[in-house]
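The values are calculated or read from the model by the stated rules, or taken from the named source; none is laboratory data. Not measured: the values here are computed from a predicted model. Ideal geometry is used to build each Cβ from the backbone, glycine not excepted, and the neighbour counts take in all protein chains shown. Calculation scope for accessible area: heavy atoms of the full protein, side chains included, ligands and nucleic acids excluded. Shrake-Rupley method; radii C 1.70, N 1.55, O 1.52, S 1.80 Å.
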2 protein chains.
Amino acid sequence: MAAQYQSPTQSPPRLLEPLPEAPYRRLVEIVGRENVYREPDDLLLYSYDSLLGVPAVWPQAVVRPGCTEEVVEVLRLAQKEKLSVVPRGAGTGLAGGAMPIQGGLVLSLNRMKTIREIDEDNMQAVVQPGVVTAEFHQAVEARGLFYPPDPGSMTISTLGGNVATSAGGLRGLKYGVTRDYVMGLEAVLMGGKRIRTGGRTFKNVTGYDLTRLLVGSEGTLAVITEIILKLIPIPEARRSLQLIYDDVDKAARTVSEVLRQRVIPATLEIMDRLTIQVVEDFAHVGLPREADAMLLVEVDGAEETVERQLVRVLEIARQEGAVDYKVARTEEEKIQIWNARRNSYGALARLSSTIITEDATVPRSRVPDMMRAIGEIARKYSVTMSTLGHAGDGNLHPTINADKNNPAEMARVEKAIEELFQTALRLGGTLSGEHGISLAKKRFMPLAFSEETLSVMRAIKTALDPDCLLNPGKIV
Amino acid sequence: MAAQYQSPTQSPPRLLEPLPEAPYRRLVEIVGRENVYREPDDLLLYSYDSLLGVPAVWPQAVVRPGCTEEVVEVLRLAQKEKLSVVPRGAGTGLAGGAMPIQGGLVLSLNRMKTIREIDEDNMQAVVQPGVVTAEFHQAVEARGLFYPPDPGSMTISTLGGNVATSAGGLRGLKYGVTRDYVMGLEAVLMGGKRIRTGGRTFKNVTGYDLTRLLVGSEGTLAVITEIILKLIPIPEARRSLQLIYDDVDKAARTVSEVLRQRVIPATLEIMDRLTIQVVEDFAHVGLPREADAMLLVEVDGAEETVERQLVRVLEIARQEGAVDYKVARTEEEKIQIWNARRNSYGALARLSSTIITEDATVPRSRVPDMMRAIGEIARKYSVTMSTLGHAGDGNLHPTINADKNNPAEMARVEKAIEELFQTALRLGGTLSGEHGISLAKKRFMPLAFSEETLSVMRAIKTALDPDCLLNPGKIV
């Protein structure tokens, strides 16, 4: 775990061994010379993702297939040559899922970026894995349809990466996560076996649910080459509001009460004092620096329902002691409210040489307990920890600022993180709500699952990839 | 397939070999003498489920564990003695999933029927597998919560059986199926390995999604011993209506147009001419015997939205040529509308010695094509086929009445069914929307999946149950 806090420069990426000529020539035959990279600059670039600090290893080559047939051929070659393969979308994952820790090949799916079909009548779409999430949002919204999953990195992230990690986002509370929108997949197993799972009907109980097994498997079971996604009608109306509190506990209680009264906002975000101050200093969006906490809420749905829900949320907020509020009256005001949230991570990252954003997730009624526990853990270990996150679905992101060159501080950070996980699990939560396990949390898996359950995961991995060549060393 | 049309009496159930004394004594130790059945009457009863006609085989014993620990011990014994085990809920499945075709033990989960917890704040429940679906509906609705899956057999079926088959129902269009409500499981693998999957948070990407792998696996991978179910707020308002057509094509076009205009009813059912006549003759609920088709619609949600949607559906129905309609004004009228649908299967079953209800499922825009194809196939093979089903989600139930003592007719029926599946698949559909594969459709799996995809399903089965003792001979 300590490794998580080293920057890539501390332990420079290294090439374990160069790719022999024979497989290189075969890769060139398969995808074309321009789509096999082996220059040091490229290998460096593809040696890490958005999990900072794990010592990076250079891949032996980066391969960029243009179609499923090429993926099949690459995985056939890889099996034959016993080369490990790490599938990669945009590399925005925070758990190290795209890091080639054993060298081998990085398989970049970015050239496969066609939206093959948007089927308005059946409200579904067929896409290749390299399609950028936000571009897909625009394409379906232009047709009056809606694809809810909106991970933080959606302007860069790819749908293939989203499926591989079952990416979440701000709208998870009402709309669920990527898993809830994947109807079917085309995928290629290590060795080149091409499979199709699920299909284009909403009801489907035809054999084992391989679709959901692959969703969230972080590139360790198969390479996803085509995705059938469910769409829904775009909400008629949306309203955004900001609620200000002088006590974070009152904000957390508002979250519980809103949900207890069966109002399900599309988005229900929390930011604590430190986050508010840092965002305001960075982005000057008019946040109240003296507030102890802020809630950002979006309600959506039918026009009349949205108005009613908005009023209800404001009433609850007043009862629970909100000191101020702002309802967005214009599109501009709405963008301003959400910019505060979208800028948080960037603003916090400026504070120190190291930033670690965690993914503690609890049942939503335990959000007040978890918020309190985060404050206590920060004090106990003297670490700078701010909290923002998706309060409505219990998915909090406590974020630690630290100095990687201060070993004493980093040791305290490590202990604080371990206690965060233990607390989340004790409150009925989980290790990861949306960032995934891969490298970052692999060693904590025994806290969450019994050895018997983990052995089932390992058995499935072995059944699909006996030589453990596909994204090795991740999850189990 | 021919086997499907033989009645149990044609080929009487038989005991392959009696259970030896040693394992019998061990079973008695584990669950108590009163919970091990081996009398012929009991063995006969547990030799079949609701798939009529497959030659039934008696189990060697029926075992009724009272808790997870007893399930563990039974599966440990079964592995040691190489006894096959067929988990069983209420035996209402239509695909033979609960039939002990190789003898062995039937493991009845009906004693494990406690609702352990209804967590209103987090809108989730923890239940044992033997809880009856409709009783669970009542329990959560008493708390203002809603569990949408409503399979036809819900007054008898169990939640464990629903999870094992990912049961659907009338509300699938708007609310999805059982799969969409299972958050976590406790399950026991053959050999007695006890696992926990998923959890109590809505966002959860902690390792492979074993939860969804087990959902719909029809008792072939594990015995489900505890279920965490997601609940949602109960809709504020519900309105039901009946639409009458002189042409089934107009009814099918209404379905497409309603959905195209982004109105998503909770339920959108179709009944064709024969079904209407038979139901009316049986139940005398005032259906128009001269109509060619009928749609039954329920819209639900916020009060004001429901009214608006009701008006919209009526407008579309008029445009598409509905000749009459009835909106339920009272609870009694509503019950009357839905009684027509709930009585259909029973009414049709009275028509002949054999009834076969199929499960052809297509993308919803293809419902008009599928309805036409069903009519053509019925004419082509001279079989009596009526159609009812969940038109809104493309899940149709063409139902065949035939005489099992007429071999020539049964041969035509068999051909008609095969052509039904081929047509559904050609239209982008699937083999089973909600009834499952188990025995009934196992031999059609190669029509739906490539050998490569099937080999992955087999690899998973082998990884979890190497000796193939858990519900053997089903799915793959």
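Here are a few things to note about the model shown:
- Residue-averaged beta-carbon neighbours from other chains (10 angstrom radius) around B:424-436: 4
- Across chain B, the longest piece that holds none of the trypsin sites (Lys or Arg not before Pro) lying in DSSP loops with up to 14 other C-beta atoms within 10 Å covers B:144-288.
- Axis angle, to the nearest 10 degrees, between helix B:303-319 and the longest C-alpha principal axis of chain B: 60 degrees.
- With 20 Å bins from 0: P(r) over the protein assembly as shown, alpha-carbon pairs, percent: 14, 44, 35, 7, 0
- Overall Cα dimensions of segment A:115-233 - principal axes, largest extent first, Å: 38, 29, 27
- Per residue, segment B:113-272 exposes an accessible area of 26 Å² to a 1.4 Å probe, with every protein chain left in place.
- Solvent exposure, largest accessible area first (probe 1.4 Å, DNA, RNA and ligands not counted), of B:V182, A:V54: A:V54, B:V182
- For GluC sites (Glu not before Pro), the sites in segment B:254-361 that DSSP calls loop and that have at most 11 other Cβ atoms within 10 Å are B:E290.
- B:T201 - accessible surface, heavy atoms, 1.4 Å probe, Å² rounded to 10: 10
- Antiparallel %, DSSP beta bridges [both residues in segment B:8-108], to 5: 20
- Here is how the number arises for chain A: DSSP H runs of 4 or more residues each give -39500 (n - 2.57), the sum is divided by the residue count, and the result at 222 nm is -10500 deg cm²/dmol.
- Nitroxide proxy distance, nm - points 7 Å out along Cα→Cβ at B:T330 and A:R379: 6.4
- Derived from the Cα gyration tensor, the three semi-axes of the equivalent ellipsoid of segment A:206-350 are 32, 22, 16 Å, largest first.
- With 20 Å as the limit on Cα-Cα distance, the pairs of B:K380/B:K415; A:K82/A:K474; B:K203/B:K461; A:K174/B:K174 that go past it are B:K203/B:K461.
- For the peptide A:283-290, the mean number of other protein chain Cβ atoms found within 10 angstrom of a residue's Cβ is 0.
- Nitroxide proxy distance, nm - points 7 Å out along Cα→Cβ at A:C67 and A:R443: 4.6
- Here segment A:204-267 and segment A:441-476 have alpha carbon centers that stand 26 Å from each other.
- Using only Cα coordinates, the Kirkwood hydrodynamic radius of segment B:188-239 works out to 13.3 Å.
- Computed over neighbours whose Cβ is under 13 Å from that of B:V28, the net charge equals 0, Lys and Arg +1, Asp and Glu -1.
- For segment B:27-105 versus segment A:81-119, the gap between their alpha-carbon centres in whole angstrom: 46
- Local net charge near B:L44, Cβ-Cβ under 12 Å (Lys/Arg +1, Asp/Glu -1): -1
- Annotation for A:K82, label-to-label distances across the other copies: 3.5 nm (shortest first, one decimal, point 7 Å from Cα along Cα→Cβ).
- P(r) weight above 28 Å for chain A, C-alpha pairs, percent: 53
- Fully extended contour minus Cα-Cα distance, from B:R458 to B:L314, at 0.36 nm per residue: 47.0 nm
- Segment B:A411-B:I156, length gained on full extension (0.36 nm per residue, minus Cα span): 88.5 nm
- Accessible area buried, both sides summed, chains A and B with 1.4 Å probe, Å²: 6600
- Between A:D247 and B:E17, the modelled labels are 7.3 nm apart [label points 7 Å from Cα along Cα→Cβ].
- Among residues other than B:D369 with Cβ under 13 Å from its Cβ, the summed charge is +2 (Lys and Arg +1, Asp and Glu -1).
- Spin-label proximity, B:V28 to segment B:66-82 - amide N less than 14 Å from point 7 Å beyond Cα toward beta carbon: none
- Legend: mean number of C-beta atoms from other chains within 10 angstrom of residue C-beta atoms, peptide B:448-458, equals 6.
- Binning the C-alpha pair distances of segment A:8-108 at 5 Å intervals from 0 yields a P(r) profile of 3, 15, 26, 25, 18, 9, 4, 0 %, listed from the shortest bin outward.
- Across the protein chains, with a 1.4 Å probe defining accessible surface, the residues B:Y381, B:Y245 rank B:Y381, B:Y245 from largest area downward.
- Each residue was assigned an accessible area with a 1.4 Å probe, and for B:S153 the value is about 30 Å².
- Largest first, the residues B:D465, B:D41, A:D403 sort by 1.4 Å accessible area into B:D41, A:D403, B:D465.
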